[in-house]
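The values are calculated or read from the model by the stated rules, or taken from the named source; none is laboratory data. Quantities reported herein were computed from a predicted structural model and do not represent experimental measurements. Neighbour counts run over all protein chains shown; Cβ positions are idealised from the backbone, glycine included. Just so you know, the surface numbers come from the protein's heavy atoms only, side chains and all, with ligands and any DNA or RNA stripped out. Shrake-Rupley method; radii C 1.70, N 1.55, O 1.52, S 1.80 Å.
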Amino acid sequence: MKKLGIITYIFLVSSLLILTRCSSDTSNKSEQMNSLLALSYLSYIKIQPINNVYMDSLGTGYEYFHVDIPEQESGLNVSFDYTFDSNSSTKDIYFIFTNISPSRSSTYPLIDPSQSVSQGIVPERVASKPKSLVSANQTMKGKPEISEFNRNPYAYLNKINPVNMLLSIVPSEEPRYDTAGDPTSKTFKLDPYQNVTAHCTNVNTDGIKTLNIWVADDCAGLSYSRPVSELADIFLTSGENNDIFDWVTNIYGAEYGDTDWDKVDADAKDVLITPNNEITILLLDIDNDESAHSGVLGYFWAKDNFKTTAISYSNQRIMIYMDAYLYANHPEEIISALAHELQHMIHFYQKTVIQTNGTGTETWIDEMCSMAAEDLVSDKLGVNGPRGVPFSDGSAGTYPITTGRLPLYIYWNDASVTTWYSGNFVAVSYSVNYALGAYLARNYGGAKFFHNVVHNNKTDYTAIEYALSQNGSSDSFGIILRKWGVANLLSDKTDTLYSYQYNSDNWFPSNTYPVTIEYKTGSINLYNYKYGDQEGPYLYSIENTMPTYSMPPASNVYYLAADNLSGSKTWNIKLKKNVRFTVLVK
């Protein structure tokens, strides 16, 4: 931008501020609002018009244009006329707006100044979201307070307590091998205030690791459609590469100890329990709700990795908690959730303990890795994963698909990737992060990609960029968000190019990382999913205007700009500096 233009811009803004202040006594509120609206328009720098012409350069009948605007790279908000010419073809035109900032909200784009008033009306979709978000029967994985502990565990240590400092010189009780059928009950600490008694029902070993399953006494009388012994065998059994433990640790690494123990900081070893190759699963009634169809499926809580001299309510075991009532009634969901929680266990050890010495990963990345684990092993488990398509079917399934994570995603496809929502909205975070993780797995190396997300010392979006670089990609996180946006709207196509793929109409190429275990991911067509009345990806349009609240960080907005366009059309578009513009023609 020329210096004269900047001076003129500053002069106009200053003049308008003076006029607004001077007229405050004589103008009505409507006039003041119009002045403020005009001021907001002045915050956008007018740039040269941008034009695109449909040439079908891919020979597919669709085309996409990532419109890069240098002025935005310089930190300016821009206003421009955009013209698209369908070149005598009849096409639908979609605008995808991406807030590439991983941490900062922005303002939604303005499309055509004449429509700016209508954009002040909050769409019905926004008003009804809280009511239609989560059904009454909803199963969840984990708890927010536990996720926060796992992310930043050393903040919870009792090291500042002088009594505990003295106790630290006394050897603490370490886990011991348990005996299945032992009539002796054991008390497990659930948190600082609650305990539960349980009996050991199953002990499995593969020759190296030992799995102990304990069932809470108040759940011992439940009728299980799949016996607890079957759950034990699915998680850990003799032989190689034939159980959840093998499949998930092969991707992400050891859950605790092994040769990696040598990498642990000496101070951390003072507060962490000594490895003994044991894992404990406690089946209990999580939250004491006796619910057979909803509630928390299970969780991993890193408190138990610590000695009681550091965390007084630790059980001093490497352990996972699973809901007994839900296992009795929905065993397939519990089996899939075990793969999910095992990744959390590994993630804590590999990332928080070894790689960063206490700085945990942002929740959305940890959860994405867990859902990727479910996705990558669902066909091995013989249970349907977050894709919502039968585990033996590599195709994109058939409409209407109403199970899995993606039905909610098609409705909330404009939510933030990097914000982990709370309350009922946590279901939105799971859905959005699975959708992005599924895209990354199918385009950038599957199991190897997610191994690399964990095995570095980065705890935010840069962990994704690191894994991309290890796969030979120089794409930034912002570019990935833009490509992912295109892949969403092209998921009904099976001929998309690398880095835009969701759907190959079959299994994606297998990945055998790092040893010979085949990891397959099935195809996804977002137009096959249904959530309430929503069918396929949610689109804004001139009739269904974009909201006026802040555009969340790391998010995409999908806008139907023209339906059956033949010829050319021009729009005036206003974008804040962090919001990028992509055009898709179908």
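Things to note:
- Against the list (1) open to solvent by less than 50 Å² (accessible area, probe 1.4 Å); (2) closer than 15 Å to ALA180 by Cβ, the condition GLU230 fails is (1).
- Qualifying positions in region 279-312 - open to solvent by less than 10 Å² (accessible area, probe 1.4 Å), touching a Ser or Thr at 6+ places or on another chain (Cβ under 7 Å), within 29 Å of LYS269 (Cα to Cα) and touching a residue at least 60 places away in the same chain (Cβ under 8 Å): LYS303, PHE306
- When residues in region 526-581 are screened for being open to solvent by less than 30 Å² (accessible area, probe 1.4 Å) and either in a strand (DSSP E or B) or over 28 Å from PHE477 (Cα atoms) (or both), 20 of them pass.
- Meets criteria (more than 21 Å from TYR64 (Cβ to Cβ) and touching a residue at least 12 places away in the same chain (Cβ under 8 Å)) for GLY532: yes
- Residue-level analysis places ASN137 outside the set of residues that are out of contact with any Leu (no Cβ under 7 Å at 6 or more places or on another chain) and modelled with pLDDT of 95 or more.
- Among the residues of region 394-406, those identified as touching an Asp or Glu at 6+ places or on another chain (Cβ under 9 Å) and open to solvent by 40 Å² or more (accessible area, probe 1.4 Å) are TYR399, PRO400.
- Contact annotation: residue pairs with Cβ atoms under 6 Å, 6 or more positions apart or on different chains, pairing a residue in region 442-453 that is of a type in the set (Ser, Thr, Tyr) with a partner that is open to solvent by 10 Å² or more (accessible area, probe 1.4 Å) and part of a loop (DSSP other than H, G, I, E, B), are TYR444/ASN471.
- Subset tally (residues that are within 14 Å of the chain's Cα centre (by Cα) and modelled with pLDDT of 95 or more) for region 344-362: 2
- Among residues of region 365-381, those that are open to solvent by less than 30 Å² (accessible area, probe 1.4 Å), of a type outside the set (Val, Ile, Thr) and either under 17 Å from PRO331 (Cβ atoms) or more than 12 Å from the chain's Cα centre (by Cα) (or both), counted: 6
- Once region 76-114 is narrowed to residues that are closer than 11 Å to LEU575 by Cα, over 25 Å from the mean Cα position of the chain (by Cα) and of a type outside the set (Ser, Thr, Tyr), the residue that is most open to solvent (accessible area, probe 1.4 Å) is LEU76.
- Scanning region 199-237 for residues that are of a type in the set (S, T, N, Q) and modelled with pLDDT under 95, we see that the one that is farthest from ILE286 (Cα to Cα) is SER225.
- Under the condition of being closer than 19 Å to LEU584 by Cβ, of a type in the set (A, V, I, L, M) and touching a strand residue (DSSP E or B) at 6+ places or on another chain (Cβ under 6 Å), the residues counted in region 49-105 number 7.
- Evaluation of ASN433 against the conditions (1) open to solvent by 10 Å² or more (accessible area, probe 1.4 Å); (2) modelled with pLDDT of 95 or more; (3) part of a helix (DSSP H, G or I); (4) not charged (D, E, K, R) shows that the sole unmet condition is (1).
- Options VAL486, VAL454, VAL417: the member that is modelled with pLDDT of 95 or more, crowded, with 21+ Cβ neighbours inside 10 Å, over 25 Å from LEU560 (Cβ atoms) and hydrophobic (A, V, I, L, M, F, W, C): VAL454
- Failed item, numbered, when SER392 is tested on (1) more than 23 Å from THR496 (Cα to Cα); (2) part of a helix (DSSP H, G or I); (3) modelled with pLDDT of 95 or more: (2)
- Single condition LEU338 does not satisfy, out of (1) out of contact with any Asp or Glu (no Cβ under 9 Å at 6 or more places or on another chain); (2) of a type in the set (A, V, I, L, M, F, W, C); (3) over 27 Å from PRO390 (Cβ atoms): (3)
- Test: residue in region 260-276 that is hydroxyl-bearing (Ser, Thr, Tyr), buried (at least 18 other Cβ atoms within 10 Å of the Cβ) and either touching a residue at least 12 places away in the same chain (Cβ under 8 Å) or touching a Ser or Thr at 6+ places or on another chain (Cβ under 8 Å) (or both): no
- Taken over region 252-311, the residue count meeting the criterion of being of a type in the set (Asp, Glu) and under 28 Å from LEU376 (Cα atoms) is 5.
- Considering (1) closer than 13 Å to ASN413 by Cα; (2) at pLDDT below 95; (3) among the small types (Gly, Ala, Ser), the lone condition that GLY532 does not fulfil carries the number (1).
- Within region 313-364, considering residues that are closer than 18 Å to GLU148 by Cβ and acidic (Asp, Glu), the one most open to solvent (accessible area, probe 1.4 Å): GLU362
- Tabulated pairs, region 388-400, first over 19 Å from MET371 (Cβ atoms) and among the aromatic types (Phe, Trp, Tyr), second open to solvent by 70 Å² or more (accessible area, probe 1.4 Å) and modelled with pLDDT of 95 or more, C-beta under 7 angstrom, 6+ apart or interchain: none
- Only a single item in (1) open to solvent by 30 Å² or more (accessible area, probe 1.4 Å); (2) at pLDDT below 95 is not met by SER504, and it is number (2).
- Selection within region 456-478 - within 17 Å of the chain's Cα centre (by Cα), touching a residue at least 40 places away in the same chain (Cβ under 8 Å) and not in a helix (DSSP H, G or I): THR459, ASP460, TYR461
- Filter result (in a loop (DSSP other than H, G, I, E, B) and farther than 15 Å from ASP206 by Cβ) within region 217-256: ALA220, GLY221, LEU222, SER223, TYR224, SER225, ARG226, PRO227, GLY253, TYR256
- Condition met for TYR513 (under 22 Å from the mean Cα position of the chain (by Cα), in a loop (DSSP other than H, G, I, E, B) and either modelled with pLDDT of 95 or more or among the aromatic types (Phe, Trp, Tyr) (or both)): no
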